[in-house]
Amino acid sequence: MKKAFFIITDIVIGLYLVLAMTSWNKPAPAVKDCNKVTICVADENTHGFLTKSEIQRLLKQRGIYPLGQPIVTMNPRKIETELKRMPFVSDAQCCVTQQGHVYITVMQRTPLIRIKNAWNQDFYIDDNGGIMPNSQYVSNLMIATGYISKAYATKYISVIAHFLMEDELWRKEIEQINITEDKQVELIPRSSNHVVNIGKMPEINDADQPSKKYVAINNYLKRQMTRLELFYRYVPQTLEPPVPNDTTNALNSLSYNYIDLEYNNQIICQRRTSL
């Protein structure tokens, strides 16, 4: 029993020494309370979803706004976690200095396209294919309408929007995507009063890897949009001869109101009744 007592005593003394040395080596904060909070919202002027005042309001609402709070009780990780729960936040970082200054940096999610579907739902798709709720955000985003469920939006619309935005011609020319009830994909150009039907997206197996799904959809879009570009360039649209390689001229003078590329070996056009 006496031997066990000495062993326990040695352990307790050892733990005390470790804790004491740790406490002695830890620099005491220069101030006790947070005296300044700096909030940085990346791309605040560009994206417009989040503002510094909104971040401040959220933290105050959660009771974790650090200004005036004791430094020793502050939990930067909790602040980061609460901010990451916001629908427009992709990442958040928080750090505290020994001088009582708290720095909070917030990265916004980037909206890619706005969805206004047939069921009166209004939301955004971000550049990673995620759903973002509706907001007061105003920007010159491409819009998608029609029979678009959230699952279809993340599976297909996000890839279509990426494809169009990454191409210089289509980024300038296509302003709207419309999905019909039977899932035909219609594109509405900006500079001409006509509609382009590129057909249905390829069937995708949900069990496939995301990269395989992306490649299948991307290859289909590349084939269909190449056909459309060749049509714009080389098929006479008016009585005047087309200017070679002048896509803008062809788009502006287009004399059809519907171009159907659904079938591989033909392009079906509906000519305007009056020009």
For this session: Evaluate the relative contact order of region 91-238 (contact order divided by residue number), counting alpha-carbon pairs under 8 angstrom at least 6 apart; express in whole percent.
Result: 14 percent
Seminar exercise, completed: Rounded to the nearest whole number, the per residue volume of the convex hull around the C-alpha atoms of region 33-110 in Å³ is 76 Å³
Exercise. Does region 106-230 come out rounded, prolate or oblate by the C-alpha gyration tensor, with a ≥ b ≥ c the root eigenvalues, rounded set by a/c under 1.5 and, if not, prolate when a/b is larger than b/c and oblate if not?
Worked result: rounded
For this session: Select from 87, 51, 75 the residue farthest towards the positive end of the dipole of region 30-105; place +1 on Cβ of Lys and Arg, -1 on Cβ of Asp and Glu, and compute about the Cα centre.
Result: 75
Exercise. How much accessible area per residue does region 87-156 have, in Å², with a 1.4 Å probe?
Worked result: 47 Å²
For this session: Over the alpha-carbon set of region 78-141, work out the extent along each principal axis and list the three values in angstrom, largest first.
Result: 54, 22, 20
For this session: Could you please report the charge total around residue 156, scoring K, R as +1 and D, E as -1 over all other residues with beta-carbon less than 12 angstrom from its beta-carbon?
Result: +4
Problem set entry | Sulfur and carbon atoms: percent of accessible area, region 44-179 [1.4 Å] | 46 percent
Seminar exercise, completed: Taking 0.36 nm per residue of separation between residue 62 and residue 204 and subtracting their Cα-Cα distance, the length gained on full extension comes to 46.9 nm
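The values are calculated or read from the model by the stated rules, or taken from the named source; none is laboratory data. What you see is a predicted model, and the numbers here were worked out from it, not measured in a lab. Note: ideal-geometry Cβ built from the backbone for every residue, glycine included; neighbour counts use all protein chains shown. Each accessible area value is taken on the protein alone, full model and side chains, heavy atoms only, with ligands, DNA and RNA left out. Shrake-Rupley method; radii C 1.70, N 1.55, O 1.52, S 1.80 Å.
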